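Notes follow once the structure below has been shown.
The values are calculated or read from the model by the stated rules, or taken from the named source; none is laboratory data. Only a predicted model underlies this, so the values are computations on that prediction, with no experimental measurement involved. FYI the Cβ positions are ideal-geometry reconstructions off the backbone, even for glycines, and counts take in every protein chain you see. Areas reflect the complete protein model, heavy atoms only, side chains present, ligands, DNA and RNA absent. Shrake-Rupley method; radii C 1.70, N 1.55, O 1.52, S 1.80 Å.
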Amino acid sequence: MGEDATRHVTLSSDRVPVVAEVDVAVIGGGSAGLAAAVAAARNGAETLLIERFSYVGGLATGGLIVLLLTMDDGNGNQTVGGLCQEIVDRMEQRDAVHYPPKNEWNDPEPKLVEHYRRWGLVWGGGPHRVRYSVAYQPQHFIFAADDMLRDAGVNVLYQTWACEPIVNDGTIEELVIQNKAGRQAIAAKTFIDATGDGDIFAAGGEEYELERVHPWLWFLMSGATGLEKALGSGKGFFFRAPGEGHALVPWGGEARAPRKIDATDPVETSEALAECRLMVREEAARLKEAVPGFESSYISLMADQLGITESRRLLGEYVLGRDDLNSSFDDVVARTGHWTKYDCVYNIPYRSLLPRKLDNLLVAGRCISVDHRAHHATKEIPPCMATGEAAGTAAALAASDGVSVKDINVVALQKRLRDRGAILE
Ligand SMILES: Cc1cc2nc3c(=O)[nH]c(=O)nc-3n(C[C@H](O)[C@H](O)[C@H](O)COP(=O)(O)OP(=O)(O)OC[C@H]3O[C@@H](n4cnc5c(N)ncnc54)[C@H](O)[C@@H]3O)c2cc1C
């Protein structure tokens, strides 16, 4: 299997029905797409969300990356609010989170730092301080997201792949989708690419950079006893997870997965999935044997998709780079701290969500226009939600003002975002 096939078929020119015409179509229901869709709908746009799987959250739920890192600047100040804070509040009502209260943020007290490190909420080189980061249960992220989507009036089409944008004179006029009903198309004033891999901007002819990465496959072990002792034993790499006797095992990466893959290559990802699942079974067996208290433990949940830190990154109107650390921008629409560093912030300009060519496309989440170094910070779930919220709000503004997303009033966008709890300074 592969691209170099010598045999081809020619498809007849199908007539594909346009099954929806909306203000805003969000492609991909990960953390970024969720925020984009909810923000667009709450700001008055008729909104459709297209998701290939059966649930929202993407890596933040199905990928079992169940840690919001980080919502602060590493100096005790919150950097991400808005919809990300809202989902934390909603999960808290369901008793499904663990995180430090505000009076502990930035505290260097070693015992406190070690407590949160064992929950996976402190990373990088020291000297450490307590971060505002959040551990949560993935099913409650999905329940909270379902409520937010329903209450906002977003139409969601699950089990549907977005395939091909139909571009005419720099505008995406329709997007071809594929599901059990066959091939269909949707029309929208603005499309938001929140696919993580940038499927839509790539198919629409935008330029991008592509990174090959070592895959991950996180999993949850349950039934462990004496977890504190187990965590102190140094016999495995895992964290506490909300609920009794649950350990989150962040399996994969350079130390475990043998080779880098291109996450947009279906053959490479399929092989990696099979290989990683086999190695996860071996690691679970090893943990049962080696870690005190893990004797009766078992894999209770495994990521249903590979953990991919990076694939396509848009080369947009502005490429946010490592030198932009702590820089300010007139068109800032989101900001983020750095999960492994203290006292540093990336302000994310609106131009990093804008492609260079297409005039009715916005990009949100881990595939926005940043370089490899800035991506280390901007790919995290809180900034993905913040760029999603900015993109959705911008698309709704464009629809109500009858202008292209390239021509919206950015000051009005910033005001809308702030009014709804986003943090821009
Ligand atoms: C191993 C690993 C560890 C990480 N650790 C952390 C951490 O501790 N804390 C943290 O905050 N962040 C962490 N991250 C980063 C973070 O999890 C992701 O970058 C973030 O969740 C990406 O969100 P997203 O919405 O941009 O993309 P995704 O979550 O990938 O969502 C994309 C969505 O689009 C859908 N989709 C894709 N293509 C199509 C298509 N063509 N048609 C229809 N639907 C489509 C997918 O099904 C998915 O639901 C980690 C990432 C990895 C891989």
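A few remarks follow.
- In this structure Thr61 has an accessible area near 10 Å², from a 1.4 Å probe over the protein heavy atoms.
- Stretchable slack from Met279 to Asp265, in nm (0.36 nm times residue separation minus alpha-carbon distance): 2.9 nm
- Surface share of carbon and sulfur [accessible, 1.4 angstrom probe, percent] for the stretch 345-425: 49 percent
- Proximal charge balance of Val24 [Cβ under 14 Å; K/R count +1, D/E count -1]: -4
- Spin-label proximity, Asp343 to the stretch 69-110 - amide N less than 14 Å from point 7 Å beyond Cα toward beta carbon: 73-77, 106-108
- With the cut-off at under 15 Å, measuring from each backbone N in the stretch 346-366 to a point 7 Å along the Cα-to-Cβ line of Glu173 picks out 359-360.
- Average projected area [Cα convex hull, the stretch 219-302], square nanometres: 5.7 nm²
- The residues neighbouring Arg129, those whose beta-carbon lies less than 10 Å from its own, together hold a net charge of -4 under the Lys/Arg +1, Asp/Glu -1 convention.
- Surface exposure of the chain, expressed per residue as accessible area with a 1.4 Å probe, stands at 43 Å².
- Label-point separation, Ser400 to Arg322 (7 Å along Cα→Cβ), nm: 4.1 nm
- Inter-part distance, the stretch 230-290 to the stretch 297-321, computed on C-alpha centroids, equals 15 Å.
- A crude spin-label estimate for the pair Arg286 and Gln159, with each label 7 Å from Cα along the Cβ direction, gives 3.8 nm.
- The distance linking the stretch 44-79 with the stretch 349-425 is 15 Å (Cα centroid to Cα centroid, whole angstrom).
- Accessible area of Glu207 (1.4 Å probe, protein heavy atoms only, ligands and nucleic acids ignored): about 100 Å².
- Here the gap between Lys357 and Asn103, fully extended at 0.36 nm per residue and compared with their Cα-Cα distance, gives a gain of 86.8 nm.
- If you plug the beta carbon distance of Asp419 and Gln93 into 1/(1 + (r/R0)^6) with R0 = 22 Å, you get a FRET efficiency near 0.40.
- Relative contact order %, the chain, counting alpha carbon pairs below 8 Å whose residues are six or more apart: 24 percent
- Sum of side-chain charges, Gly243 neighbourhood, beta-carbon under 14 Å (Lys, Arg +1; Asp, Glu -1): 0
- Note on the stretch 335-425: semi-axes of the ellipsoid equivalent to its C-alpha gyration tensor, largest first and rounded to whole Å, are 23, 15, 9.
- Among Lys102, Lys406, the sequence by solvent-accessible area, most first, with a 1.4 Å probe is Lys102, Lys406.
- Put simply, the chain fits an ellipsoid with semi-axes of 35, 26, 19 Å; these come from the alpha carbon gyration tensor as the roots of five times its eigenvalues, largest first.
- Nearest-10 value in Å² for the accessible area of Asp330, using the 1.4 Å probe: 150 Å²
- Whole-percent carbon and sulfur share, accessible surface of the stretch 219-302, 1.4 Å: 52 percent
- Value of [θ]222 nm, deg cm²/dmol, for the chain, DSSP H segments ≥ 4, -39500 (n - 2.57) each, nearest 500: -9000 deg cm²/dmol
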